[in-house]
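Asker: Pasting a structure below so you can have a look.
The values are calculated or read from the model by the stated rules, or taken from the named source; none is laboratory data. On a predicted model such as this, the values are computed, not experimentally measured, just so you know. Heavy atoms of the whole protein, side chains included, go into the accessibility calculation; ligands, DNA and RNA do not. Shrake-Rupley method; radii C 1.70, N 1.55, O 1.52, S 1.80 Å.
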Amino acid sequence: MGVSLDEERREYVEGFATFWAGFGLPRVQGRVMGLLLVSDPPERTAEEIAGALGVSRGSVSGATRSLVRLGIVERGRRPGERKDYFRARADWSELVRQQAGTYATFRSLAERGLGVMEGASPRSRRALEEVRSLYGYLEREMPRLLERWVRERGEG
């Protein structure tokens, strides 16, 4: 029950893994994500993923668990089967909406930090002020940006 990757897809998977690892994330997660993005059919079992990537089932298990927790991979089952299937999330706009709450949290943390730094020099407060400003902006603008994106795609 193997999945073989042609050279072009293998290069894509490895390039995606390099990109992923550039953010300090585990390379195997990037390889799994890259594979799922170019997989046809889009659903793959952990065994198929492990075979295609030449990695252990345990590595795939840890990677898929993390990717599911991040919300960018979905786990499901087919009727009558006991195996889990994994696929890259198709609706990323909903994921961005769900994560928008982190903007408010980060802004709030920056405001709290500014309270702690009250009376400190402007130079010492600069990083927190920048975080507050940026994440306040993202908090206000991201919903509008997503609405516009959905309209432009013809979904709204």
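Asker: Given the DSSP H assignment, sum -39500 (n - 2.57) over each helix run of at least 4 residues in the chain and divide by its residue total; what's the result at 222 nm in deg cm²/dmol, nearest 500?
Answerer: Rounded to the nearest 500, the figure is -21500 deg cm²/dmol.
Asker: Mind grabbing the accessible area of L128 for me, 1.4 Å probe, Å², rounded to tens?
Answerer: Counting only protein heavy atoms, the figure is 50 Å².
Asker: Determine one quarter of the surface area of the Cα convex hull of the chain, which equals its mean projected area, and express it in nm² to one decimal.
Answerer: Value for the chain: 12.7 nm².
Asker: What do you reckon, how do F23, F106 stack up by accessible area (1.4 Å probe), largest on top?
Answerer: If we order F23, F106 from most to least accessible, we get F23, F106.
Asker: Also: Remind me, relative contact order of the chain in percent, using alpha carbon pairs under 8 angstrom and six or more residues apart?
Answerer: 16 percent
Asker: Considering only protein heavy atoms and a probe of 1.4 Å, how much of the accessible area of the chain is carbon and sulfur, as a whole percent?
Answerer: Within the chain, the accessible surface is 51 percent carbon and sulfur.
Asker: Another question about this same structure. Once the piece of chain linking V116 and Y137 is laid out straight, how much longer is it, given 0.36 nm per residue of separation minus the C-alpha distance between them?
Answerer: That works out to 5.4 nm of additional length.
Asker: Related question: Compute the accessible area per residue over the range 5-156, keeping the other protein chains in place, probe 1.4 Å, unit Å².
Answerer: Heavy-atom SASA per residue in the range 5-156 reads 64 Å².
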